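S.K.: Let me begin by handing over the structure; questions about it come next.
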Amino acid sequence: TAKLNTVAKAAGKKYLGSATDNPELTDTAYVAILSDNTMFGQITPGNSMKWDATEPSQGTFTFSGGDTIANLAKQNGQLLRGHNCVWYNQLPSWVTSGNFNASQLSAIVSNHCGTLVGHYKGQVYSWDVINEPFNDDGTWRTDVFYNTLGTSYVSIALQAARAADPAAKLYINDYNLESSSAKATAMVNLVKSLQASGVPIDGVGIQGHLIVGEVPSTFQSTLQQFTALGIEVAITELDIRMTLPSTPALLAQQKKDYQSVIGACKAVTGCVGVTVWDYTDKYSWVPSTFSGQGAACPWDANLVRKPAYDGIVAGFTS
Ligand code: G3I
């Protein structure tokens, strides 16, 4: 059978990748599949490069978990996606304490992004510098960064990241950007305004946390809206969940859904690659967040390929 990264590259993409996480790396059967670079040409750490993991107290950086994933990618000959520099979630309490004024928080954001990105200089293909800045209605998420710095935190982070690793592609990453929506429009406008003010921005990450039977019909045109701005896009966290239990009919629909998402990326030149948010249901984040839902990944919990696997292959080859 065809391997996923092989067919992705044959279709002109840079990679088909997977998220992973440090606790999973003791599972040797899991690691064997993850480490096959004809299957996965790229990996993303699911948690270990986030702020709570990398700067748990102010000015004290811990890179051990992130380094493990970076070294794995290197050893396997896989691209690495950095995830992430600035996000409202998984922040240590010292950041959210409310103890900092604008000039202090600006220095904190700049130092965090610069140090994190600088530590991995030369090892990362792309960084999610900003993660999930918008609410679904297209308004800004009122997190500690926005509340203290307004929208300027975005350029502070991007500029620090660029200075720290000029070769890394700098992304803003969000969910519910898969169809034309107020949120997608807000993202288009943000990219335009960054470009107009000379702030570095190379890509938009479309997370792709989707539901079986509900892949938006405007997926491809939405990707094109972003690439028309002269930036690249990537599908960064693809999974397609269902209400459990999974049935043959749901798995067949899921196969079609994976095929349409991959087909949309294939059809858009500036869509550089697709990352699944872990390749197996064994380690998916879905069941713990959406009660009664799951089976979102292309391999089942026993590391057996599902019909979705063939959907990915078909998306790249047909
Ligand atoms: O590290 C603690 C551990 O010390 C503690 O004992 C344990 C008990 O609950 O929790 C551990 O933290 C968990 C963490 O993952 C690390 O395993 C958190 O509870 C858990 O909520 C957290 O979930 C992660 C989630 O982001 C948090 O928002 C998922 O693994 C991760 O896959 C998920 O990834 C996000 C992307 O970063 C952004 N886009 C959405 C995506 C899915 O939510």
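S.K.: Determine, yes or no, whether Ile156 is within 17 Å of the chain's Cα centre (by Cα) and hydrophobic (A, V, I, L, M, F, W, C).
M.R.: No.
S.K.: Right, another one. Go through the residues of the range 232-243 one by one and say whether even a single one is free of Cβ contacts under 8 Å to residues at least 40 places away in the same chain and either open to solvent by 50 Å² or more (accessible area, probe 1.4 Å) or out of contact with any Lys or Arg (no Cβ under 6 Å at 6 or more places or on another chain) (or both).
M.R.: We begin by selecting, within the range 232-243, every residue free of Cβ contacts under 8 Å to residues at least 40 places away in the same chain; these are 233, 238.
Restricting the remaining residues to those that are either open to solvent by 50 Å² or more (accessible area, probe 1.4 Å) or out of contact with any Lys or Arg (no Cβ under 6 Å at 6 or more places or on another chain) (or both) gives 233, 238.
There is at least one residue in the range 232-243 that is free of Cβ contacts under 8 Å to residues at least 40 places away in the same chain and either open to solvent by 50 Å² or more (accessible area, probe 1.4 Å) or out of contact with any Lys or Arg (no Cβ under 6 Å at 6 or more places or on another chain) (or both).
S.K.: Which condition number does Gly208 fail, the rest of (1) away from the ligand (no atom under 16 Å from the Cβ); (2) at pLDDT 95 or above being met?
M.R.: (1)
S.K.: What are the pairs, 6+ residues apart or on separate chains, where a residue within the range 49-62 that is without any contact (Cβ under 8 Å) to a residue 24 or more places away in the chain has its Cβ under 7 Å from a residue that is assigned to a loop (DSSP other than H, G, I, E, B) and within 15 Å of the ligand (Cβ to nearest atom)?
M.R.: Listed pairs, sorted by first residue: Thr62/Pro56.
S.K.: While we're here: Quick one: is Ser318 at pLDDT below 95 and open to solvent by 60 Å² or more (accessible area, probe 1.4 Å)? Even if it seems obvious, please write down each step before you answer.
M.R.: Values: at pLDDT below 95: yes; open to solvent by 60 Å² or more (accessible area, probe 1.4 Å): yes.
So Ser318 passes the test.
S.K.: Mind checking which residues of the range 198-209 are in contact (Cβ under 8 Å) with a residue 40 or more places away in the chain, among the hydrophobic types (A, V, I, L, M, F, W, C) and crowded, with 24+ Cβ neighbours inside 10 Å?
M.R.: Correct list: Ile201 only.
S.K.: Could you list all residues from the range 1-34 that are away from the ligand (no atom under 16 Å from the Cβ), open to solvent by 30 Å² or more (accessible area, probe 1.4 Å) and hydroxyl-bearing (Ser, Thr, Tyr)?
M.R.: Those that are away from the ligand (no atom under 16 Å from the Cβ), open to solvent by 30 Å² or more (accessible area, probe 1.4 Å) and hydroxyl-bearing (Ser, Thr, Tyr): Thr1, Thr6, Thr28.
S.K.: Across the range 170-197, what is the total count of residues that are within 15 Å of the ligand (Cβ to nearest atom) and open to solvent by 30 Å² or more (accessible area, probe 1.4 Å)?
M.R.: So the count comes out to 2.
S.K.: How many residues are open to solvent by less than 30 Å² (accessible area, probe 1.4 Å) and touching a Pro at 6+ places or on another chain (Cβ under 8 Å) if we restrict to the range 136-169?
M.R.: Looking only at that region, the number is 3.
Residues are listed down the side, and each one gets a yes or a no for (1) touching a Gly at 6+ places or on another chain (Cβ under 7 Å); (2) of a type in the set (A, V, I, L, M, F, W, C):
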| residue | (1), (2) |
| --- | --- |
| Asn5 | yes, no |
| Gly12 | no, no |
| Pro23 | no, no |
| Val31 | no, yes |
| Thr38 | no, no |
| Pro45 | yes, no |
| Ser57 | no, no |
| Thr62 | no, no |
| His83 | no, no |
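S.K.: From the set of residues in the range 291-301 that are open to solvent by less than 60 Å² (accessible area, probe 1.4 Å) and part of a loop (DSSP other than H, G, I, E, B), which is farthest from Pro248 (Cα to Cα)?
M.R.: Gly292
S.K.: List the residue pairs whose Cβ atoms are under 9 Å apart, where the first residue sits in the range 98-116 and is without any contact (Cβ under 8 Å) to a residue 24 or more places away in the chain, the second is surrounded by 15 or more Cβ atoms within 10 Å (Cβ to Cβ) and polar (S, T, N, Q), and the two are 6 or more positions apart or on different chains.
M.R.: Gln104/Thr148
S.K.: Considering only residues that are open to solvent by 20 Å² or more (accessible area, probe 1.4 Å), over 28 Å from Thr6 (Cβ atoms) and either more than 15 Å from the ligand (Cβ to nearest atom) or touching a residue at least 24 places away in the same chain (Cβ under 8 Å) (or both), which ones fall in the range 68-97?
M.R.: Within the range 68-97, Trp87, Tyr88, Asn89, Gln90, Leu91, Trp94, Thr96, Ser97 meet the criteria.
S.K.: Right, next: If I go through the range 246-274 residue by residue, how many of them are touching a residue at least 12 places away in the same chain (Cβ under 8 Å), surrounded by fewer than 22 Cβ atoms within 10 Å (Cβ to Cβ) and not in a helix (DSSP H, G or I)?
M.R.: Residues in the range 246-274 being touching a residue at least 12 places away in the same chain (Cβ under 8 Å), surrounded by fewer than 22 Cβ atoms within 10 Å (Cβ to Cβ) and not in a helix (DSSP H, G or I): 4 in total.
The values are calculated or read from the model by the stated rules, or taken from the named source; none is laboratory data. Worth saying up front: this structure is predicted, and the values here are computed from it rather than measured. We place every Cβ from the backbone using ideal geometry, glycine too, and count neighbours over all the protein chains shown. With ligands, DNA and RNA removed, areas are computed over all heavy atoms of the protein, side chains included. Shrake-Rupley method; radii C 1.70, N 1.55, O 1.52, S 1.80 Å.
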